[in-house]
Amino acid sequence: MREPANGDISSLKKAITQALPTAKRVHAPTYAKDIVGDIRQWDERDILFARVDLFQYFGPDSPEYRAYYQAHPEHLEYDTKISNAFGLGKTGGVDTPMFAAQFEAITKIASEPYVDGEPAPHKTEVPPERAAEKVKALARFLGADLVGIGPLRQEWVYSHVGRSFGNREGFQRWGTPVDLRHHTNAIALGFQMDYDLIQRAPDFPVLLATAKGYATGAWVSIQLAEYIRMLGYSARAHHLYNYRVLVVPVAVDCGLGELSRAGYLITKEFGLGLRLAVVTTDMPLAHDEPVDIGAQSFCEACKVCAENCPIGAIPMGDKVEFNGVKKWKLDEQKCYRYWHAVGTDCALCMVTCPWTKPRNWFHRLMSLLATIKGPHQSLMTQADKLFYGKFEGAPRPDFMEPSGQ
Ligand code: SF4
Ligand code: SF4
């Protein structure tokens, strides 16, 4: 009997992969059936990072600080403690400027002249299907790993600006009302986290992987928005340090993935291991439908992220109502406390999720099987635990040791 040639094996792999269903496209995102009340627009001033900015950039004597904590005394104690704790990347024993340099560069290209601008005076007419094709191809060419287009729901637009680096020049002032009603479409961009670096969770390399994901997202989104403005349409990039939208639900609406138990986006391609950026626009673009990758039933049974969270920030129990939607609600305050304890953004939930795996043939096949709802989803979680065992973070690469050593 002849040995199978490489060509035969690849054909077999291709045939099996093609025989399995791809993520199901659906008319409504999977969170739609969990909407149980009105969804109000979120005020960016209320997010944890904006509150920490009040300490870091404004200070207790500023009118912004006083106004915020007069209206929200319930946050003062936690915010004071967390703002006095160690900052990210500052635990010692690592080359902190490596991480700081990435975030500084992202900040520079987050100001208004980079993310927004006037469209060209003449509109180039492009049929929406062709325009969507071109925008997606350009986004991939520039470096996006995933791209999808959908409607921009105004519920996902912040009501007021919360992050301005202390009203730094080039940024809109803290508390400025946001108006994005003229933008009807959103382009969601996904960037895979460096798989090798996140294996070192919760150590310093995770921070570098996070920063790299955000930096790529920033760079791609500002170029894409600029391209659309050159075609004569209004377009704005939303990336780290200058968002006007909640990127996770926008990405769900654009068909990138679903909401997970871990509280953020899960995708068939990269599990929890990606970062997001968005471009919003008034350019007519054909939409992608949302996806049902089977994550709701998978996460219902799985709970691996919750079991591996060292501080219990991810719920083991059922979804609860939050701002009109039933969801697994991450406790951001607990999570952020742990980040400061370890000096990184942790990522233990991300790296232990059975969906966050390298993109080899076997895992692509497994991710396709995982999208089919059924009792095998729970078995797959058990198999993942047996095969991978308890997660042990790998040592950090030596190029991250402090300079001069
Ligand atoms: S990042 Fe770490 S602390 Fe935060 S939810 Fe995930 S596992 Fe928990
Ligand atoms: S670890 Fe399990 S429960 Fe958590 S997000 Fe991944 S699939 Fe869902």
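So that you can scan it fast, the table gives a plain yes or no per residue for (1) within 16 Å of ligand 2 (Cβ to nearest atom); (2) among the polar types (S, T, N, Q):
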site: VAL342; (1), (2): no, no
site: MET350; (1), (2): yes, no
site: CYS353; (1), (2): yes, no
site: SER367; (1), (2): yes, yes
site: ILE372; (1), (2): yes, no
site: TYR388; (1), (2): yes, no
Residue selected from region 304-331 under the condition basic (Lys, Arg) and touching a helix residue (DSSP H, G or I) at 6+ places or on another chain (Cβ under 8 Å), by the criterion nearest to ligand 1 (Cβ to nearest atom): LYS327
Qualifying residue in region 244-256 (condition: open to solvent by less than 20 Å² (accessible area, probe 1.4 Å), within 22 Å of GLY374 (Cβ to Cβ) and either polar (S, T, N, Q) or within 15 Å of ligand 2 (Cβ to nearest atom) (or both)): no
Selected residue (only one of ASN167, ASN185 is crowded, with 23+ Cβ neighbours inside 10 Å and polar (S, T, N, Q)): ASN185
Restricting region 300-314 to residues that are within 10 Å of ligand 2 (Cβ to nearest atom) and in a loop (DSSP other than H, G, I, E, B), the residue that is most open to solvent (accessible area, probe 1.4 Å): LYS303
Where LEU379 falls short, out of the listed (1) assigned to a loop (DSSP other than H, G, I, E, B); (2) open to solvent by 70 Å² or more (accessible area, probe 1.4 Å); (3) without any contact (Cβ under 8 Å) to a residue 24 or more places away in the chain: (1)
Residues satisfying the stated conditions in region 257-284, i.e. over 18 Å from TYR195 (Cβ atoms) and not small (Gly, Ala, Ser): GLU258, LEU259, ARG261, VAL278, VAL279, THR280, THR281, ASP282, MET283, PRO284
Selection count where residues are modelled with pLDDT of 95 or more and away from ligand 1 (no atom under 16 Å from the Cβ), scope region 243-269: 16
Scan of region 271-299 for residues that are more than 17 Å from ALA237 (Cβ to Cβ), within 16 Å of ligand 1 (Cβ to nearest atom) and open to solvent by 10 Å² or more (accessible area, probe 1.4 Å), ordered by number: LEU274, CYS299
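Each row is one residue, and each column tells you yes or no for (1) of a type in the set (Lys, Arg); (2) closer than 30 Å to VAL157 by Cα; (3) at pLDDT below 95.
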{"residue": "ALA313", "(1), (2), (3)": "no, yes, no"}
{"residue": "GLY324", "(1), (2), (3)": "no, yes, no"}
{"residue": "LEU330", "(1), (2), (3)": "no, yes, no"}
{"residue": "THR344", "(1), (2), (3)": "no, yes, yes"}
{"residue": "LEU348", "(1), (2), (3)": "no, yes, no"}
{"residue": "LEU365", "(1), (2), (3)": "no, no, yes"}
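The values are calculated or read from the model by the stated rules, or taken from the named source; none is laboratory data. Worth saying up front: this structure is predicted, and the values here are computed from it rather than measured. Methodologically, a virtual Cβ is constructed for each residue, glycine included, from the backbone with ideal geometry; neighbour enumeration extends over all protein chains shown. SASA here: full protein model, heavy atoms, side chains in, ligands and nucleic acids out. Shrake-Rupley method; radii C 1.70, N 1.55, O 1.52, S 1.80 Å.
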